[in-house]
Amino acid sequence: MRLRRTSEGIELSANPFLRRLLISRWPQWILTVLALAGFLYAILAGLFGTPVGNRNLAITAVWIAWWAVLLLILVPLGGRAWCSICPIPAAGDWLQRGGLMNSDGRQPRGLGRRWPRRLRNLWMQNAGFLLLGITSTVILTTPLVSALMLAGLLAMALIVSAIFERRTFCRYLCPVGGFIGMYSLAAPLALRVKDPAICAEHASKDCYRGSELGHGCPWMVYPGTLQRNAACGLCMECLRTCPLDNVALVLKSPASDLTSSGRKPPISLDESFKAFIMLGAALIYSAVLFGPWAEWKQAAYGIGTLPWFGYALVFSGLALLVIPALYATAAWLGRHAGGIKSIGWRNFLLRSTSGLVPLGLAAWVAFSLSFVFINGAYVISTLSDPLGLDWDLFGTAAVSWQPVLSGLLPGLQMTVLMIGLAWSTSVTIRAISHAVSTRGSRLLASVPTIGANMAIILILGWLYL
Amino acid sequence: MKQRMLAVILVAAAASLAIVPAPSPSDDGAEQVVPISASQYAFDPAEITVQAGQRMILEISSTDVVHGIYVDGYELQAIADVGRIQTLEFKADSPGTFTFRCSVTCGPLHPFMVGKLHVVPDYKWVRLIGGSALAVIAGMIWSQKRETQANI
Ligand code: SF4
Ligand SMILES: [Cu+2]
């Protein structure tokens, strides 16, 4: 395979075969439709199948299989790759495009309202994820609730797409999209323009407006100035519309979005809170779901009961107060220790917490590993018996539960956590290095935050080992 | 390039330090009998600590519905029935913490019905702190490499 190297990295779309695969609407469309079929199938299984979670495909397909593929493969390697074939906004896309396969992007349908400016950030998604987080033990174990939630997401995406322009739902509302976008900052796969100068000169901006070749960026991103992965859904529309062949899909060095120079911090405040919430959730789930403390499991499961309110309080308190306070204190200490005057405290805080992107991603990979290794067998048996009605479609219904390599699991989890700690250390130092001139003060300034990262890894390690 | 190599080696060392099991002391012939009662969704006791090298006899029973027990790492399995005691005999010869979990679907929280078997001494904190310290140093070295590259 011939691949071209550019300043951004290896240009995958320069390969004629890959380029054709990416530009053609068919591969993406087929994957989306397959995913949608699986999604609808899971909803039906949840509605009509057994209420026993691990015997129902709604649970095993979504929370074991899909979650594992998403967190272990797609997000770490492909960033928002999932978003490019996600079935949730598919119906909304078709509505806005006036057809299942319409490639003419000049006349979008729907009301096309613009999302209120004050809400163009991740705060709604932060709130939504927190809400799912405190109720997740029920969602995760109850097929009916899972099915209703998935159906609710489908309906909401369709309604939002009918009223608002483009992928407003994905960018500002989808609770999954928020964290995929944040962690995609650490992914090596990216869409970039080859030469921003060409874009600046090009008046018609087909990539943003849409043309007869494709739709204007559904994610409301202007590729010409795109520098970070978070908001780009990798939908490939701009690859299709750009008449000057100036758009490329590249493999770049991972996390370079977080360490590139510039006066603006590498993540915004809403993104840092996304990172705090995700880290808090990883800690809570690791302790509650896989720890030996049964009272906490009952509390997390008993939505509406007094212990559940306690659980919800601990969860939100950890995510919104304790972890942010830990990193704020670390940043305050570091800024003083390093004698940093050139940037404000907030800018410095955001730079130091950018290491939470790889750290949190590692925490989630470690957590998700246990799902696959321990409960993967349930996926195989429920494939043949999706509703738990003693069917045997593919002859695998009798596959009994058997953990895979359970002896290796803690070691694998620790390896991932150690890589995450090393990676976050490096990202933290590089992200603040633009603000600090000497090597000594750079180290002093980053030590408190690195210490906080280490404390988080020690807690996770204590839970897993 | 050298720095990059060094960083990778350090991360590998960090991971191995965290993973490599502590040395197992020789068999002292001691035996420990632990009755475990399973109920939705807990084991009682939920945490068991045992000296490495000892023989374990787990006496498993249930107080409500049929449960099971599966010991990670040791890969042992038994059924926990109401009013009947099943025993699981093994030698706790590898130190570390091992999750034991319910192996028979027993209700919504079944996948999360777990307990922990601590085979000590496993020097867990020494390994954890040492490992993360190495990982931090590796990260620091890696970040230096980026800078030198950027300065060229
Ligand atoms: S259409 Fe192509 S060249 Fe024109 S602005 Fe968009 S990406 Fe740049
Ligand atoms: Cu059980």
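Worth pointing out:
- Modelled FRET efficiency - R0 56 Å, B:S94 with A:S260, Cβ distances, 0.05 increments: 0.75
- For segment B:96-122 versus segment A:413-465, the gap between their alpha-carbon centres in whole angstrom: 31
- Residue mean of other protein chain beta carbons inside 10 Å, A:373-383: 1
- Too-long pairs where the Cα-Cα distance tops 22 Å, listed order kept, from B:K91/B:K124; A:K264/B:K2; A:K297/B:K124: A:K264/B:K2; A:K297/B:K124
- In terms of its alpha-carbon gyration tensor, the protein assembly as shown comes out oblate; a/c meets the 1.5 threshold, while b/c is at least as large as a/b.
- Expressed as a whole percent, the accessible area of chain A that falls on carbon and sulfur atoms is 70 (1.4 Å probe).
- When chains B and A come together, the accessible area they lose, probed at 1.4 Å and totalled over both chains, is close to 4000 Å².
- Efficiency of FRET between B:Q86 and A:S204 - r from beta-carbon atoms, R0 51 angstrom, step 0.05: 0.10
- Where a label projected 7 Å from the Cα of A:A162 along Cα→Cβ would reach, residues of segment A:108-142 with amide N under 13 Å: A:110-112
- With a cut-off of 16 Å on the backbone N, the residues of segment A:187-225 near the modelled label site 7 Å out from A:S268 along Cα-Cβ are A:219-223, A:225.
- Based on protein heavy atoms only, segment B:37-152 ends up with 38 Å² per residue of surface accessible to a 1.4 Å probe.
- With the charge dipole of chain A set up from +1 on Lys and Arg Cβ and -1 on Asp and Glu Cβ about the Cα centre, the Cα lying farthest toward the positive end among the listed residues A:G216, A:F367, A:I59 is that of A:G216.
- DSSP-defined beta bridges in the protein assembly as shown - what % are antiparallel, rounded to 5: 70
- Mean residue ellipticity at 222 nm, helices only, chain B: -10500 deg cm²/dmol; runs of at least 4 DSSP H residues each add -39,500 (n - 2.57), and the sum is divided by the number of residues.
- Rounded to the nearest 0.05, the FRET efficiency derived from the C-beta distance between A:Q107 and A:L132 at R0 = 35 Å is 0.45.
- Per-residue average of Cβ from other chains inside 10 Å of B:95-108: 4
- The longest stretch of chain A left intact once loop-based chymotrypsin sites (Phe, Trp or Tyr not before Pro) with at most 15 other Cβ atoms within 10 Å are removed from consideration, loops following DSSP, is A:1-292.
- Kirkwood hydrodynamic radius (C-alpha pairs) into Stokes-Einstein, segment A:265-464, 4 °C and 1.567 mPa s, D in µm²/s: 69
- Protein-only accessible surface order, largest first, of A:L31, A:L140 at 1.4 Å: A:L31, A:L140
- With every protein chain in place, segment B:23-122: carbon and sulfur % of accessible area (1.4 Å): 48
- Two-decimal log10 I(q)/I(0) for segment A:39-144, as the Debye equation yields it once each C-alpha is a single scatterer, q = 0.11, 0.18 Å⁻¹: -0.53, -1.16
- For the protein assembly as shown, the Cβ-based charge dipole about the Cα centre amounts to some 3320 debye (Lys, Arg positive; Asp, Glu negative; other atoms uncharged).
- Kirkwood-based Rg to Rh ratio, segment A:206-269, C-alpha trace: 1.01
- Heavy-atom accessible area, 1.4 Å probe, ligands and nucleic acids excluded: residues of segment A:258-289 down by at least 30 Å² from chain alone: A:L289
- Remark on the protein assembly as shown: A:C83, A:C86, A:C170, A:C174, A:C199, A:C217, A:C232, A:C235, A:C242, B:C102, B:C106 stand apart, with no other cysteine beta carbon under 4.7 Å.
- With eigenvalues of the C-alpha gyration tensor scaled by 5 and rooted, segment A:189-297, Å: 38, 16, 12
- Rolling a 1.4 Å probe over the heavy atoms of the protein chains gives chain A an accessible area of 40 Å² per residue.
- Translational D in µm²/s for chain B (Stokes-Einstein at 37 °C, 0.692 mPa s, Kirkwood Rh from C-alpha pairs): 184
- Hydrodynamic radius (Kirkwood) for segment A:118-241, which is based on Cα pairs only, to one decimal in Å: 16.2
- Helices in chain A, meaning DSSP H runs of at least 4 residues, each add -39500 (n - 2.57). Divided by all residues, the mean residue ellipticity at 222 nm is -18000 deg cm²/dmol.
- DSSP-defined beta bridges in segment B:23-122 - what % are antiparallel, rounded to 5: 60
- Alpha-carbon centroids, segment B:1-16 and segment A:127-161: separation in whole Å: 42
- Backbone N atoms of segment A:67-86 closer than 17 Å to the 7 Å Cα→Cβ label point of A:L408 belong to residues A:72-73.
The values are calculated or read from the model by the stated rules, or taken from the named source; none is laboratory data. These numbers were taken from a predicted model, which means no experiment stands behind them. Because the Cβ atoms are built from the backbone with ideal geometry, glycine has one as well, and the counts that use them run over all protein chains shown. Protein only, heavy atoms only, side chains kept; ligands, DNA and RNA dropped before computing areas. Shrake-Rupley method; radii C 1.70, N 1.55, O 1.52, S 1.80 Å.
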